[in-house]
């Protein structure tokens, strides 16, 4: 009777680092160790926590819109600026400088002026001025009539007075208002109108929005929690990349000292093919990960029972019979059980099922 190693994929698994402690020493150590293994084994590491959202489109769209404006293609400029502003509103102006953010509205105002849409053009000038009331347009870059019109918009914004905005966010979060970093908990004086807000937190999803501030406001953005580590999520990442197996690495909950659980699993069924729990030291993590990866690229040979299992109630792992390679040599089985590497260097992961079981 033979047991074929059908679970093994003959290809390296995608390695998925799935932890909520991004930026911590444990996260950095684990990432470094796994990247070493991935490079040596010809696979990739997907760091789910560090995965960044798509690059913002607004900066590139703004550049193309300005080119279209100077080429007298005002319809095209307006189309590009509309898309850029929508992107900025959804990301909280990520990727833009304060001047670029104001330019989105300034050039939309100029383009609408050329289309004789004076009411919409004035509204855009006022919004640009509200984002940066201290700005003075460069007369070498803009014609006198534009400089004068923007000056009137700045005066209108200042005459409307200022309000205060204060952010309430969890500790450790960073906040940007109109593409400038601000300090949470401190009131900020600003012009009434639409403003861009961005928040980044260690354990929350990125937040970006455009907010109307009409009076003194305390803003507590609704910050979505990041997904908790899960084998299902890791397996999906592997399947998307055409891998049959996944090596899921995640910080063990509540462990002290900090340990990582490394689980090799079939990406489709999520059936576990082996688990190791190891303390956070780079060499130990790398060794443990590499040996798990080896189980897919160097699967064990076929095993056969060379003696029948005697009918007894004695626990299976204490029986005197052994498993061996066809040909008679006694070997360790391919079964891999969880354990902790807490001292010294790992010498192997398999359990010897001989009479002297360990």
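Given 256, 194, 186, which one is surrounded by fewer than 21 Cβ atoms within 10 Å (Cβ to Cβ), more than 25 Å from the chain's Cα centre (by Cα) and assigned by TED's automatic domain parsing to the domain that holds residue 28?
Just one listed residue meets the conditions, 256.
Name the single residue, out of those in segment 208-229 being farther than 21 Å from residue 88 by Cβ and over 29 Å from the mean Cα position of the chain (by Cα), that is surrounded by the most Cβ atoms within 10 Å (Cβ to Cβ). Looking at residues that are farther than 21 Å from residue 88 by Cβ and over 29 Å from the mean Cα position of the chain (by Cα), I get 216. Pairs linking a residue in segment 212-234 that is at positive phi and in the same structural domain as residue 176 (by TED's automatic domain parsing) to a residue that is loosely packed, with under 11 Cβ neighbours inside 10 Å and part of a helix (DSSP H, G or I), with Cβ atoms under 9 Å and 6 or more positions apart or on different chains, do not occur.
Of the set (1) in contact with a helix residue (DSSP H, G or I) (Cβ under 8 Å, 6 or more places away or on another chain); (2) part of a strand (DSSP E or B); (3) closer than 30 Å to residue 47 by Cβ, all apply to residue 197 but (1).
Taking the condition within 22 Å of the chain's Cα centre (by Cα) and part of a loop (DSSP other than H, G, I, E, B), does residue 39 pass? Give the derivation first.
Numbers: within 22 Å of the chain's Cα centre (by Cα): yes; part of a loop (DSSP other than H, G, I, E, B): no.
Criteria not met by residue 39.
Of the residues screened, residue 299 is one that is at pLDDT below 65, surrounded by fewer than 20 Cβ atoms within 10 Å (Cβ to Cβ) and under 41 Å from the mean Cα position of the chain (by Cα).
Do we find that residue 235 is over 24 Å from residue 90 (Cβ atoms), at pLDDT 90 or above and either in contact with a helix residue (DSSP H, G or I) (Cβ under 9 Å, 6 or more places away or on another chain) or not in a loop (DSSP other than H, G, I, E, B) (or both) in this structure?
Details: over 24 Å from residue 90 (Cβ atoms): yes; at pLDDT 90 or above: yes; either in contact with a helix residue (DSSP H, G or I) (Cβ under 9 Å, 6 or more places away or on another chain) or not in a loop (DSSP other than H, G, I, E, B) (or both): yes.
So residue 235 fits the description; yes.
Quick one: is residue 205 surrounded by fewer than 14 Cβ atoms within 10 Å (Cβ to Cβ), touching a residue at least 40 places away in the same chain (Cβ under 8 Å) and either over 15 Å from the mean Cα position of the chain (by Cα) or under 26 Å from residue 14 (Cβ atoms) (or both)? Reasoning before the result, please.
On the way: surrounded by fewer than 14 Cβ atoms within 10 Å (Cβ to Cβ): yes; touching a residue at least 40 places away in the same chain (Cβ under 8 Å): no; either over 15 Å from the mean Cα position of the chain (by Cα) or under 26 Å from residue 14 (Cβ atoms) (or both): yes.
Here the answer is no, as residue 205 does not meet what is asked.
Within the bounds of segment 158-165, is there any residue that is in contact with a helix residue (DSSP H, G or I) (Cβ under 9 Å, 6 or more places away or on another chain) and more than 22 Å from residue 198 (Cβ to Cβ)? Yes, that holds for at least one residue. Of all the listed residues (66, 85, 46, 78), the sole one being in contact with a helix residue (DSSP H, G or I) (Cβ under 7 Å, 6 or more places away or on another chain) and at pLDDT below 95 is 46.
Within the set 119, 86, 71, 58, the sole residue that is under 23 Å from the mean Cα position of the chain (by Cα) and exposed (fewer than 15 other Cβ atoms within 10 Å of the Cβ) turns out to be 86. Checking 101, 106, 96, 131 one by one, the residue that is touching a residue at least 60 places away in the same chain (Cβ under 8 Å), buried (at least 21 other Cβ atoms within 10 Å of the Cβ), out of contact with any strand residue (DSSP E or B) (no Cβ under 8 Å at 6 or more places or on another chain) and under 30 Å from residue 184 (Cβ atoms) is 96 and no other. In the set 222, 210, only one residue is assigned to a loop (DSSP other than H, G, I, E, B) and either under 23 Å from residue 55 (Cα atoms) or in contact with a strand residue (DSSP E or B) (Cβ under 6 Å, 6 or more places away or on another chain) (or both); that residue is 222.
The values are calculated or read from the model by the stated rules, or taken from the named source; none is laboratory data. Just so you know, these numbers come straight off a predicted model, no measurement behind them. Neighbour counts run over all protein chains shown; Cβ positions are idealised from the backbone, glycine included.
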